[in-house]
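J.: Sending over a structure as structure tokens; questions will come in a sec.
Derivation of every value follows stated rules applied to the coordinates shown; laboratory data play no part. Computed from a predicted structure; not experimentally measured.
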Amino acid sequence: MMNGQKECVLIARPAGHAQPGKALVWLKHHLQRWLELHLQRRYLAQMSDDTLKDLGLSRADIQQEAERPFWDDPLKH
């Protein structure tokens, strides 16, 4: 190395590695979906037995669904 020069190291990202902006978009999408699932499950849990019966659902079905963690998405691709 010549006098006055500074050492520089370049680190290459592996091909296909997510960019920071894409990671934020992914996180935003998932946070929105998880909130939607949480609200839907809470709404179902608050429905009357008659309403659930009209939908063809039992209180046990709803209890099982309401106990699922917010990140457990039945539509996961």
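J.: List the aspartates and glutamates whose alpha-carbon lies under 14 Å from that of Lys53, not counting same-chain residues fewer than 8 positions away?
T.: Asp61
J.: When a/c reaches 1.5 or more, the comparison of a/b and b/c decides; with that in mind, is the stretch 22-66 rounded, prolate or oblate per its Cα gyration tensor?
T.: Prolate.
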